[in-house]
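Participant: Okay, handing you the structure first.
The values are calculated or read from the model by the stated rules, or taken from the named source; none is laboratory data. For clarity, every value in this text was computed on a predicted model and none was experimentally measured. Here the Cβ positions follow ideal geometry from the backbone for every residue, glycine too, while neighbour counts run over all protein chains shown.
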């Protein structure tokens, strides 16, 4: 009898307490990240946002509210060129990485020998292990006019004069495609591994040769992996700074480099707006790739 | 009737493992043929050799009279329904079924007509624009069937296509598969581990075990005259027990198990030595039903298992007690026996089949 009276009271109460406390453990786990993000990302962003409305005149910073810098980014052809070059570089790097990465992932998947796959994965991953500065200087040596690449091409009789492979866009593209390869290969590889092998067999059984199987079945079903890889690659390329500055030889002026120079000149407004533009470009990229992903998804 | 598929002395190894061991059979044109056996018996490998996804190491494989040695899967007059259907998840039902015809580069009108026909045959016209993810298991099953049949194959290969469905749907699909097979008149080769499925649908069954064919015949032949101890145990429910052979002559033998002595039909290899006897549950009669039967014994009911349309009694015969199960049809007109009751149980002269004791204990 007593239990009957107490029982119902305990039930909902304990449930309510559990409900109220349910959010606490995840919050505690998230707290360090949230604090760090607030201090290292949100606060600087707000500061930047404030600076973006200031004015920079005759080498001095003026704390008056102005939309001048935004206006310059919007209408000045000089900034248009920088933004266009940045997007073009990111675009070419992405296409290059996908063109190299997709066949690589496909080969890794088709080999089907775990030992070989493991070593290939290490190889693909290797550019990330090497410091960006070391890697970039390595490329300048490899791609120099008297470097091994030009030497081999000349000895093979394929070219007469050395190719200009470094201190221009070409060098930047080569180095970036090299380092972004793992970001493209692994998402694609993962989507391939997840494919049900009998689906391919079914297509073959229905009369499809390997090209048709690839075009109608394998490619559409691995497209989400490809889009994810391209998305990462494009976003990273937008923000690339060290590689364009070392391998570009001053001839590749992309937005991050411009922002860096502006900060060196204490031109905070230009640096701030440049950063804002980069952020908006990245967000737009993520959004549009997600859009693409939705088309390719299996509904 | 001509043969559509012929395998002659086909052997297949996976590494050192002999998956298929020297099998020979042929399937009549337009018939429903089942390969039945426990998992790992080589039935799926046999089917995959017919489809071209595996290649025999030895022996010959002919489909529609042509040697298939160097013919790749996409050029064979066979199509396959896969275990988990393997539908293309990014294509609609229509596109799935149309896939094989588009590969053949048929005209759009022809494709629409033939896909329409097949969708009607499997009753999925309204679902043409759905994606596989929006279908139930039974519907996906039908799509897989339509997708394979739309190619008008000489032989349709089915690899446990009903395995992933629940029991009720499975029974319904069995009848439907049989109907479709009779409608289109295509040769079906059906792989399953489910004896009920094989019995219901097949014209002929090959029972496989450890890469070999144990027995081949119509469902009734196999049920009534199992050729080996394995087949007797695998098909239907049977009492299997050790006996001592006392006399053997002309396909008949008299055997003894403890105090119980009876006669039965022999299979090749039974001699004056230990053997095994098989008596199906439903062939053992109890009480009045056993009157006049040549083999009658006093039995004690040890247990009663009631399952609706039938009752199973666990009976103890003689001393030391020989335990056998008897299955009796139940219609409510007779009261059930109860445990501890002593009754008379018996079976006919044709009920028992005798097998030589396997030289290698299973």
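Participant: Please count how many residues of the range B:252-272 are in a loop (DSSP other than H, G, I, E, B) and over 21 Å from residue B:320 (Cβ atoms).
Facilitator: Just the residues of the range B:252-272 that are in a loop (DSSP other than H, G, I, E, B), to begin with: B:258-259, B:267-272.
Those left that are additionally over 21 Å from residue B:320 (Cβ atoms): B:267-272.
Final tally of qualifying residues: 6.
Participant: Condition first: in a loop (DSSP other than H, G, I, E, B), within 14 Å of chain A (Cβ to nearest Cβ) and at negative phi. Now tell me which residues in the range B:32-54 satisfy that.
Facilitator: B:53, B:54
Participant: Being under 12 Å from residue A:267 (Cβ atoms) and surrounded by 13 or more Cβ atoms within 10 Å (Cβ to Cβ) is the filter here; which residues of the range A:35-61 pass it?
Facilitator: A:51, A:52, A:54, A:55, A:56, A:61
Participant: Here are some conditions: (1) in a loop (DSSP other than H, G, I, E, B); (2) crowded, with 20+ Cβ neighbours inside 10 Å. Residue B:130 meets all but one. Which one does it not meet?
Facilitator: (2)
Participant: Suppose we filter the range B:184-222 for residues that are touching a strand residue (DSSP E or B) at 6+ places or on another chain (Cβ under 8 Å) and assigned to a helix (DSSP H, G or I); how many remain?
Facilitator: 7
Participant: Exactly one condition in (1) closer than 13 Å to residue B:93 by Cβ; (2) buried (at least 19 other Cβ atoms within 10 Å of the Cβ); (3) free of Cβ contacts under 8 Å to residues at least 40 places away in the same chain; (4) away from every other protein chain (no Cβ under 14 Å) is false for residue B:115; which is it?
Facilitator: Result: residue B:115 passes all but (4).
Participant: Same structure again: Regarding residue A:271, is this residue more than 14 Å from every other protein chain (Cβ to nearest Cβ), in contact (Cβ under 8 Å) with a residue 12 or more places away in the chain and within 14 Å of residue A:90 (Cβ to Cβ)? Steps first, answer last, please.
Facilitator: Values: more than 14 Å from every other protein chain (Cβ to nearest Cβ): yes; in contact (Cβ under 8 Å) with a residue 12 or more places away in the chain: yes; within 14 Å of residue A:90 (Cβ to Cβ): no.
No; evaluated as a whole, the condition is false for this residue.
Participant: Here are the criteria: (1) assigned to a helix (DSSP H, G or I); (2) surrounded by fewer than 18 Cβ atoms within 10 Å (Cβ to Cβ); (3) within 12 Å of chain B (Cβ to nearest Cβ). Tell me which single one residue A:195 does not satisfy.
Facilitator: The one condition residue A:195 does not meet is (1).
Participant: Exactly one condition in (1) modelled with pLDDT under 95; (2) under 21 Å from residue A:213 (Cα atoms); (3) more than 8 Å from chain A (Cβ to nearest Cβ); (4) under 29 Å from the mean Cα position of the chain (by Cα) is not met by residue B:67; state its number.
Facilitator: (2)
Participant: Output the residues belonging to the range B:82-99 that are at pLDDT 95 or above and either out of contact with any helix residue (DSSP H, G or I) (no Cβ under 9 Å at 6 or more places or on another chain) or under 17 Å from residue B:153 (Cα atoms) (or both).
Facilitator: Listed by number, the residues that qualify are B:96, B:97, B:98, B:99.
Participant: Additional query: Quickly run through the range A:278-299 and pick out the residues that are farther than 30 Å from residue B:131 by Cα and in contact with a helix residue (DSSP H, G or I) (Cβ under 6 Å, 6 or more places away or on another chain).
Facilitator: Across the range A:278-299, the qualifying residues are A:278, A:281, A:282.
Participant: Determine, yes or no, whether residue B:134 is within 11 Å of chain A (Cβ to nearest Cβ) and in contact with a strand residue (DSSP E or B) (Cβ under 8 Å, 6 or more places away or on another chain). Let's see the steps before the verdict.
Facilitator: On the way: within 11 Å of chain A (Cβ to nearest Cβ): yes; in contact with a strand residue (DSSP E or B) (Cβ under 8 Å, 6 or more places away or on another chain): no.
In short, no.
Participant: Is it the case that the range A:249-262 has a residue that's touching a helix residue (DSSP H, G or I) at 6+ places or on another chain (Cβ under 6 Å), surrounded by 18 or more Cβ atoms within 10 Å (Cβ to Cβ), at pLDDT below 90 and not in a helix (DSSP H, G or I)?
Facilitator: The answer is yes, given that some residue of the range A:249-262 is touching a helix residue (DSSP H, G or I) at 6+ places or on another chain (Cβ under 6 Å), surrounded by 18 or more Cβ atoms within 10 Å (Cβ to Cβ), at pLDDT below 90 and not in a helix (DSSP H, G or I).
Participant: Sticking with this one: Of everything in the range B:73-91, what is free of Cβ contacts under 8 Å to residues at least 40 places away in the same chain and either part of a strand (DSSP E or B) or at the interface with chain A (Cβ under 8 Å from one of its Cβ atoms) (or both)? Give them in sequence order.
Facilitator: Within the range B:73-91, B:73, B:74, B:75 qualify.
Participant: What residue, of A:237, A:228, A:177, is surrounded by fewer than 23 Cβ atoms within 10 Å (Cβ to Cβ), in a helix (DSSP H, G or I) and either under 12 Å from the mean Cα position of the chain (by Cα) or away from chain B (no Cβ under 14 Å) (or both)?
Facilitator: Result: A:228 is the single residue among A:237, A:228, A:177 that is surrounded by fewer than 23 Cβ atoms within 10 Å (Cβ to Cβ), in a helix (DSSP H, G or I) and either under 12 Å from the mean Cα position of the chain (by Cα) or away from chain B (no Cβ under 14 Å) (or both).
Participant: Here is a follow-up. Exactly one condition in (1) within 29 Å of the chain's Cα centre (by Cα); (2) surrounded by 18 or more Cβ atoms within 10 Å (Cβ to Cβ); (3) within 23 Å of residue B:332 (Cα to Cα) is false for residue B:310; which is it?
Facilitator: Every listed condition holds for residue B:310 apart from (2).
Participant: Where in the range A:12-117 are there helices (runs of 4 or more DSSP H), lying fully within it, with 3 or more residues that are under 19 Å from residue A:259 (Cβ atoms) and touching a strand residue (DSSP E or B) at 6+ places or on another chain (Cβ under 9 Å)? Let's see the steps before the verdict.
Facilitator: Details: elements: A:24-37, A:43-51, A:68-75, A:77-111.
Answer list for the range A:12-117: none.
Participant: Being under 30 Å from residue B:74 (Cβ atoms), in contact with a strand residue (DSSP E or B) (Cβ under 9 Å, 6 or more places away or on another chain) and within 14 Å of chain B (Cβ to nearest Cβ): is that true of residue A:206 here?
Facilitator: Answer is yes for this residue.
Participant: Only residues that are outside any helix (DSSP H, G or I) and on the phi < 0 side of the Ramachandran plot: list them for the range A:198-215, please.
Facilitator: Residues satisfying the conditions are A:206, A:208, A:209.
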